[in-house]
Amino acid sequence: MSRVRADEEEYWHSSKFRAFTFDDEDDELSQLKESKRAVNSLRDIVDDDDDDLERVSWSGEPVGSISWSIKETASSSTSSLDGRDSSLQKGSSSYAALPKQASSYSLSSLFKGRNKLPSFQSLSDALTDTGVKNYAPELRRPKAEYKDYSSDWSPKDTVRRMQRGKVCSLERFRSLQDKLVLLDEAVAGHDGNVITAVLIFLKRTLRREILFRELEVRQVALSHLIHFLRETGEQKFLLDLLRFLDRTEEVALSQYREHLNIQDVEKRMEFLKSCVGLPFSAEDTSHIQDHYTLLERQIIIEANDRHLETAGQSELFRKYPRKASILNMPLVTTLFYSCFYHYTEAEGMFSSPTNLKKTFKIPDKQYVLTALAARAKLRAWGDVDALLTTKNWLGYTKKKAPIGFHRVVEILQRNNAPVQVLQEYVRLVEDVETRLNLATKYKCHDVVIETYRDLKDRIQLIAYKCKVERGSAEEEKINSILNN
């Protein structure tokens, strides 16, 4: 009984927990805290599952970058070493008794990912390894920079990056479906440069028949490609595309446009002759025929006038030498040339202005305007008067200007016509206000005085009297009107 009682006393008075003393150190608790800190630091450095979220440390650098990893590892290592040194200075024997193993993640493993090294390396060795610290940033590029050259971008992401000016390789899109999705995304982005870049890629990697068939149902991309081919001068590819689309008129116009690249005049005329039979519309066919006829006339006129100018047989060519050849000039320029050098020739001559008017059906307004400018430049005022004079069926003559007499006055004044000639045509301006403005502007005093007289405006006559010279014929005329 005494033994049983002694056991009960020992049971109730014994304990497996030690009493707290200031001299003891809680090794397990300190190790647990240190392990927790190490795990948390490794999770921040190694875990990069959420690459899209950019986290920034207090230093201002993105968390997870190489420079951040080096600084954070070095700072944590330094702090741990300082703590260990301070503990050693206090006389703690736990670190001496239990040397700590570094984590299995070395610096290189932090930069490369989660791959563990086969051999363990202590943290102090890693910090003292100068080679690793110096060359560690070169082991891997930043992930954001690496993605610029990635080949796993979707068509939508690729188009967005191209819109931002990023370098993107389109070679990864190999299937027809991927290429068409890429083209549709480019069209949906409404960026002409991106659309053209994608079309160039498709043009290089697809057969023409497949490309034409797919573009036929994508009108926006088709318009971009046609414009690009015209700008780059890829005529054969453009003609094949237009023929596939059955655009016969556009094919004909594209072929006709090739005459601009022919420098030899005779060859150009033959080419235009062959273009007359192309499937143009009725209106375009007439224009092509006129172009061919005009070039044919220009060749004849140029050869004849060059001979006259070289031989010196024409006084007009000696007084007004030609400044340029008439070949390949527009119809209006050819008409002006003809009115300047061949105005008096008979209608049967190819160089006659009336022949050109009749052949090419030039309107009266265009003909009068061009002929008036040519004859006024030569100061042939008699030809100007004859050009603007018409006869009716009774034989009466009358001045008539399809372009309006106010424009006649402007053209004559631009060619330094005398005041007597200007006054004759200023009087023919029907609108009174326009007539007064022109007469005042060009100092046609007689017209101003006669207009105020017809209006019976005594005040304006008195005011205009101050604008003419004292003792001139205009002043005497104003006085005579005022006295009567």
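The values are calculated or read from the model by the stated rules, or taken from the named source; none is laboratory data. Because the structure is predicted, anything quoted here is derived from the model rather than measured. Heads up, the Cβs are rebuilt from the backbone with ideal geometry, glycines too, and the neighbour counts pull from every protein chain shown. These accessible areas exclude ligands, DNA and RNA; they are computed on the full protein's heavy atoms, side chains included. Shrake-Rupley method; radii C 1.70, N 1.55, O 1.52, S 1.80 Å.
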Filtered residues of region 312-321 (kept if over 20 Å from Met349 (Cα atoms) and free of Cβ contacts under 8 Å to residues at least 24 places away in the same chain): Gly312, Arg318, Lys319, Pro321
Tabulated pairs, region 291-311, first free of Cβ contacts under 8 Å to residues at least 60 places away in the same chain, second in a helix (DSSP H, G or I) and surrounded by fewer than 14 Cβ atoms within 10 Å (Cβ to Cβ), C-beta under 8 angstrom, 6+ apart or interchain: Ile299/Glu266
Out of region 457-484, which residues are open to solvent by 100 Å² or more (accessible area, probe 1.4 Å) and over 15 Å from Leu436 (Cβ atoms)? Arg458, Cys466, Glu469, Arg470, Glu476, Asn483, Asn484
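Hey, among the residues in region 324-358 that are among the β-branched types (Val, Ile, Thr) and in a loop (DSSP other than H, G, I, E, B), which one's nearest to Ile300 (Cα to Cα)?
The extreme case among them is Ile326.
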Give me the pairs, please: first residue somewhere in region 148-171 and closer than 18 Å to Thr205 by Cα and surrounded by 15 or more Cβ atoms within 10 Å (Cβ to Cβ), second residue anywhere and among the basic types (Lys, Arg) and modelled with pLDDT of 80 or more, beta-carbon distance under 6 Å, and either six or more positions apart or on two chains. Cys168/Arg161
From Asn392, Asn437, which residue is surrounded by fewer than 11 Cβ atoms within 10 Å (Cβ to Cβ) and without any contact (Cβ under 8 Å) to a residue 24 or more places away in the chain? Asn392
Among the residues of region 267-276, write down those that are crowded, with 17+ Cβ neighbours inside 10 Å and of a type outside the set (Phe, Trp, Tyr). Arg268, Met269, Leu272, Cys275
Just wondering, is there one or more residues in region 413-426 that are of a type in the set (D, E, K, R) and in contact with a Lys or Arg (Cβ under 7 Å, 6 or more places away or on another chain)? no
For Ala463, work out the one condition from (1) outside any loop (DSSP other than H, G, I, E, B); (2) closer than 28 Å to Asn416 by Cβ; (3) at pLDDT 85 or above it doesn't fulfil. (2)
Restricting attention to region 277-305, report how many residues are open to solvent by less than 40 Å² (accessible area, probe 1.4 Å) and either modelled with pLDDT of 90 or more or among the β-branched types (Val, Ile, Thr) (or both). 11
Within region 210-250, take every residue that is closer than 13 Å to Leu180 by Cα and open to solvent by 70 Å² or more (accessible area, probe 1.4 Å) and give me the one that is farthest from the chain's Cα centre (by Cα). Arg213
